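The values are calculated or read from the model by the stated rules, or taken from the named source; none is laboratory data. Not measured: the values here are computed from a predicted model. Here the Cβ positions follow ideal geometry from the backbone for every residue, glycine too, while neighbour counts run over all protein chains shown. For accessibility, only protein heavy atoms count, side chains too; no ligands or nucleic acids. Shrake-Rupley method; radii C 1.70, N 1.55, O 1.52, S 1.80 Å.
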Amino acid sequence: VHAFADDNWGEVAWRMLVKLVKGDVHLNFHWRDSNRYLVSFREDGINVSRNGQSGQLAIGTSGIRHALGEWHVVEIGLQKGVLYVAVDGDLEIEKLEPDPLPPGGIWLEVLDESEVLFDEIRVCKPGD
C-alpha cells in the first residue's frame, strides 16, 4: 500500500489498526526518494529511524510488548516539529525533529515470513 500527499501535509497524523499474526512490519512515513521515517513494529517493541541520503539515524526505541494476534491502535505523527509513535493510547516514542523530512508517502512493508493485518487506516491533518 502506498499513499502520497502534497507539500501541505508536512504535519500529519497516521492512525491504523495493526494485528501482528507473526513476524514484523515496517510502517514507513514521509517516504520520498531515499528519505523516510522507518517505524519497525514488532512483538517485542518499536524501533524508529530516519533514513536518507546521509544514511540511517536512530530516533528511538521502545521495549513495550505488542501481543501477537491482537489488534493494536497505532498512531504515527509529526506535529510542531515532534515525531511520535503511540500504541493503544500509550506514547512509546517522542523525538524533537527540528528539521523534519519533507512530506511524502506512507508505505506498509510486511517483512518476509510475516503475516500482518491492517484495518481502519486514516491519514489526517493534526486535530482531525
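Quick look at the values:
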quantity	calculated
Residue tally, condition within 19 Å of residue 78 (Cα to Cα) and open to solvent by 20 Å² or more (accessible area, probe 1.4 Å), over the stretch 34-49	4
Evaluation of residue 24 against (1) farther than 21 Å from residue 125 by Cβ; (2) open to solvent by less than 10 Å² (accessible area, probe 1.4 Å) (one fails), failing number	(2)
Test set (1) over 11 Å from the mean Cα position of the chain (by Cα); (2) open to solvent by 50 Å² or more (accessible area, probe 1.4 Å) - residue 31 fails condition number	(1)
The stretch 85-128, residues that are at pLDDT 90 or above and on the phi > 0 side of the Ramachandran plot	88, 89, 113, 120
Selection count, the stretch 20-44, where residues are among the β-branched types (Val, Ile, Thr) and not in a strand (DSSP E or B)	0
